[in-house]
1. What are the residues in the stretch 7-34 that are within 23 Å of Glu209 (Cα to Cα) and in contact with a helix residue (DSSP H, G or I) (Cβ under 8 Å, 6 or more places away or on another chain), if any?
2. For the list (1) more than 21 Å from Leu136 (Cα to Cα); (2) assigned to a loop (DSSP other than H, G, I, E, B), I need the number of the one condition that Gly216 fails.
3. Residues in the stretch 148-162: is at least one more than 20 Å from Gln233 (Cα to Cα) and under 17 Å from the mean Cα position of the chain (by Cα)?
4. Return the pairs, sorted by first residue and then second, in which the second residue is outside any strand (DSSP E or B) and surrounded by fewer than 17 Cβ atoms within 10 Å (Cβ to Cβ), the first residue lies in the stretch 46-75 and is without any contact (Cβ under 8 Å) to a residue 40 or more places away in the chain and among the aromatic types (Phe, Trp, Tyr), the beta carbons are less than 8 Å apart, and the residues are 6+ apart or on different chains.
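Coordinate-derived values only; no laboratory data. Given the structure is predicted, the values throughout are model-derived calculations rather than measurements. Virtual Cβ from ideal backbone geometry, glycine too; neighbours counted across all protein chains shown.
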Amino acid sequence: MKLFGLVGHPLKHSFSSALFNEKFQEENLDCRYDNFDLRELEELTTLLARHPEICGFNVTSPYKQQIIPYLNEVEDIVQRIGAVNTVRVKDGQLFGYNTDIFGFEMLLEYIFNGQTIPDALILGTGGASQAVRFVLAHRQTPFRVVSRTPKDGEIGYSDLSKDIMQNHKLIINATPVGTFPNIDNYPAIPYERLTPSHFMIDLIYNPEETAFMKLGKFHKASVYNGTIMLYSQAMKSWEIWNQDDE
């Protein structure tokens, strides 16, 4: 049996295991996908030694950036953005990829369908944020990054003035704030400055409708979660893990 999985902490919110195991059952594949909840990333070495049948794994918060030193090789995009969410295991070597980029591209296509993407605010600075920045920069969409501890051109949540909110009609939550089980939490943006012309994207998919999204809907903004991104990046991961079989 081939073993795949998800590395991160905590993982109670994740749908990845159910998504992949359902696929394996439907296609009658001798594979399994497990959650590997690692309190410290140093546990990865022990995990791989204990399970030599692991052929690949996904990586989620908080390890998308921390895992890079553990890898033998990474694709060019990873070198540019500094975040990995997919690892292929081959002959004892670890190869890092980023399929979040593909997933976010698919989400934007679904929402905007070729139309111009408005100037954006990206909430957060972690691995998901890096993928979002890459996609928007590639599409030449202006954006600002919002951080609790701003640096290098980033802005703080207290800097979200009326003008900034009016001039950035796309707001993307790339933080884990509001993820199950902490479903009452939400990023500290001035929701009262939202309008019906705003788009709100929460990369979280559990819960299906986050507090961030509910507050956006209250102010008549268009809201979307990260389910499409989840499925798109997962299928891209599957392609990577099976590229030798093509």
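1. Listed by number, the residues that qualify are Phe15, Ser16, Leu19, Phe20.
2. Failed condition: (2).
3. No: the stretch 148-162 contains no residue that is more than 20 Å from Gln233 (Cα to Cα) and under 17 Å from the mean Cα position of the chain (by Cα).
4. Going by the 8 Å Cβ cut-off, the qualifying pairs are Tyr70/Thr45.
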